[in-house]
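The values are calculated or read from the model by the stated rules, or taken from the named source; none is laboratory data. The shown structure was predicted, so the numbers you read here are calculated from the model rather than taken from an experiment. Note: ideal-geometry Cβ built from the backbone for every residue, glycine included; neighbour counts use all protein chains shown. Calculation scope for accessible area: heavy atoms of the full protein, side chains included, ligands and nucleic acids excluded. Shrake-Rupley method; radii C 1.70, N 1.55, O 1.52, S 1.80 Å.
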Amino acid sequence: MIKAAIFDFDGLILDTETAWFDAYKEVLRSQFQFDLPLGEFVKCVGSDDTVLFSYLQNELDSRLNVNSIRNEARKLHSQFVRDAKAREGVTDYLKDAKDEGLTVALATSSTTEWATTHLTNLNLLSYFDFLVTQDMVERVKPAPDIFLKTLEKLDLEAREAVVFEDSLNGLIAAQEVNLPTVIIPNPVTAALPFENYHLKLNSMTDMPLQDILKTLNR
């Protein structure tokens, strides 16, 4: 029986990932006349930017000023997401999860400050019983630490929860813990080779949460 719903944040609740791609793409094009391939950027989605900057230092210059690029991208990103709305169906899923008596948790590779700021702006913070972020674990996704910590806080077995993810790194982390996972990609992650998930939807409007729970509780 499913007792908890675990949600990723970036790219799933708020499409910050497309905004990050656009921001980095613009900074790299203006400073280096370099066209950032989506296929390379997407490797860091759901995790941190370590892989991205390793690639850029390889392609451009090992002495690349990482902090400068990161800061410029952050400024642009803030502009891009300032007035962004939650993805379609997110609020309905959160309301329905509470109506179904589920415990609701956030499990994100982002910081607590980042997640709480945006959830507050979206008027969604009150739906969450627990927040588990990069500040609370040693390794972010695709390592399983965030989901292990979430299950510990929920005091549940993996089979008693369902995870909603948009990234391959998130799916890999959930699979490490044997958590049933519903994939809902965003424009940046749509072409990733997702495998061995419970369900894959284009949007949370594709299927009511109650129907997802029925497929899991059979």
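Structure values in brief
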{"item": "Selection status of Glu100, in contact (Cβ under 8 Å) with a residue 60 or more places away in the chain, of a type in the set (Asp, Glu) and more than 15 Å from Leu124 (Cα to Cα)", "result": "yes"}
{"item": "Options Asp129, Asp145, Asp166: the member that is out of contact with any Phe, Trp or Tyr (no Cβ under 8 Å at 6 or more places or on another chain), open to solvent by less than 30 Å² (accessible area, probe 1.4 Å) and closer than 21 Å to Lys95 by Cα", "result": "Asp166"}
{"item": "Residue list for region 171-193, filter: crowded, with 19+ Cβ neighbours inside 10 Å, modelled with pLDDT of 95 or more, hydrophobic (A, V, I, L, M, F, W, C) and in contact with a helix residue (DSSP H, G or I) (Cβ under 8 Å, 6 or more places away or on another chain)", "result": "Ala173, Ala174, Leu179, Val182, Ile183"}
{"item": "Filtered residues of region 150-178 (kept if over 16 Å from the mean Cα position of the chain (by Cα) and in contact (Cβ under 8 Å) with a residue 24 or more places away in the chain)", "result": "Leu151, Lys153, Leu154, Leu156, Glu160, Ala161, Glu176, Val177"}
{"item": "Helices (runs of 4 or more DSSP H) wholly inside region 1-67 that include at least 2 residues being in contact (Cβ under 8 Å) with a residue 60 or more places away in the chain", "result": "16-32, 38-41"}
{"item": "Residue list for region 96-126, restricted to those being open to solvent by less than 20 Å² (accessible area, probe 1.4 Å) and assigned to a loop (DSSP other than H, G, I, E, B)", "result": "Leu102, Thr108, Ser109, Leu124"}
